[in-house]
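Worksheet: the structure to be examined is printed underneath.
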Amino acid sequence: MNLNKKIIIFKNDAVGDLVQSLPAINNIINHNIQNEILIYLSERSKNFDFLFNFKNVKVKIVKYNLTIKEKIKIFYDLLFNSIYSIYILTPKNFYFYLPFFFRKIKFYAICLNSANNYKRPNIFLRKYLYKYSINDRGTHYKRKSTMELQNDLTKDLNFKSDYTLPNLPSYNNSLNLKNYIYFHLKLENFKKLGWGYDELKKLLNEFLNYSDNVILTKDIENDENLDSYKKDFNFIDFSNGEKKINNSKIYLYNNISGSDLLNVINDSYIVVAFHGMMTNLASINNNRVLDLFLCEINSKKDYMRYKNAFYEFKPNYKKYDFIVPSKNFDKTLRKMRYSLKK
């Protein structure tokens, strides 16, 4: 393939934020099929580089917060290579200084406005951007999601914005599980709600009223309940092959990530998870989702912050549903039943 121009996309973000950028990145890739594209991903997203398995795309892994060495390397790469355009889809301060020094490169960017007239970058630096969209976190009104803003940024590329997954690597589904609910346990949020292991078991058993099986995953942090999981549920560790199967219809997939995780999400009947990485991954293929949007509102400022976050990251399709969980577990369970019955 004869690759002509060089395009760079800065997206060293968390996985959930990366998913929000997929339609825009899809536009950029399709429009530049004869050009070389380099995508900067963070170490948090490195297991999802398969999302960009295209012949003209290369991926470079850097820190979520760039080191001084990485910043210098990026600057010198721009200085000694002929770059046609750069897309700043992760609005970090360092990237916004580059257009001032490299004025022959077309810079597209997502900019931030916030309360107290905060702007990133400032008005002076924005004039060196070729094109930008503004994520206005200071507004009190409904606004476009980050996905829509990035689509706006790339809509002049004249390509359909629907992102299509490359062929995923297959995973070992030797259990051949079907008709299952996928639930991701975010232990930190459970603790904020005052829920414990008993509430988790009640929740998972409730799911069995709507599906044949339940697949459970959890965050990587140390969990004092690990022995209880192995006793009460089927346990499969994807990092070391440890397996313990009993008579339960609940399966804990431990240390699962990357394409294996996305396959599990895609094959589920419904994804139930606290808002974040898993609900965003489910939105790639418009999977059915029940999003547990946890809010801790103690002031009007808190209310506005969560309202803005909801508009900024909420997926927009018919199979997406959400509830706001409360410390009253039984009340939350009743809310969930309404959605699960749909």
Candidates VAL324, VAL62, VAL19: whichever shows maximal mean-square fluctuation once the chain is modelled as a Gaussian network with Cα springs under 10 Å: VAL324
Most to least packed among 53-59, 21-27, 289-295 [average Cβ atoms within 10 Å]: 21-27, 289-295, 53-59
The chain, helix-only ellipticity at 222 nm - DSSP H runs n ≥ 4, -39,500 (n - 2.57), divided by all residues, nearest 500: -10000 deg cm²/dmol
Cα gyration tensor, the stretch 6-157 - rounded (a/c under 1.5), prolate or oblate: rounded
Residue with peak Gaussian network fluctuation, the chain [Cα springs, cutoff 10 Å], from PHE238, PHE274, PHE96: PHE238
Extended-chain gain in nm, criterion 0.36 nm per residue less alpha-carbon gap, ASN93 and LYS319: 77.8 nm
FRET efficiency for ILE220 and PHE124, using Cβ-Cβ distance with R0 set to 45 Å, rounded to 0.05: 0.60
Cβ charges +1 (Lys, Arg) and -1 (Asp, Glu), total dipole of the chain, debye: 1300 debye
Separation between Cα centres of the stretch 201-235 and the stretch 322-342, rounded to whole Å: 18 Å
Gain upon complete extension [ASN285, LYS243; 0.36 nm per residue less C-alpha separation]: 12.2 nm
Equivalent ellipsoid semi-axes - Cα gyration tensor, the chain, angstrom: 38, 24, 18
The chain: most fluctuating residue of LYS218, LYS60, LYS69 per GNM, C-alpha cutoff 10 Å: LYS69
Placed amide H near LYS60: partners under 5 Å, 5+ positions off or other chain: ILE39, TYR40, LEU41
Dipole magnitude of the stretch 180-340, debye to nearest 20 (Cβ charges: Lys/Arg +1, Asp/Glu -1, about Cα centre): 700 debye
Entries of LYS144/LYS341; LYS201/LYS249; LYS191/LYS327; LYS104/LYS131; LYS11/LYS60; LYS201/LYS243 with Cα pairs more than 18 Å apart: LYS144/LYS341; LYS201/LYS243
For the stretch 21-135, size of Cβ-based charge dipole, Lys and Arg +1, Asp and Glu -1, in debye: 300 debye
FRET efficiency, 1/(1 + (r/R0)^6) with R0 25 Å, evaluated for ALA14 and LYS73 via beta carbons: 0.70
Inter-label distance, nm, simple model (7 Å from Cα along the C-beta direction), ASN209/CYS295: 2.6 nm
Principal axis dimensions, the stretch 180-340 - Cα atoms, whole angstrom, descending: 48, 33, 29
Listed residues LEU41, ASN117, TYR251: farthest to the positive end of the dipole of the chain (Cβ charges): ASN117
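No lab work stands behind these numbers, since they all come straight from the coordinates. All of these numbers come straight from a predicted model, not from anything done at the bench. A quick note on method: Cβ atoms are made from the backbone with ideal geometry, for glycine too, and the neighbour counts reach across all protein chains shown.
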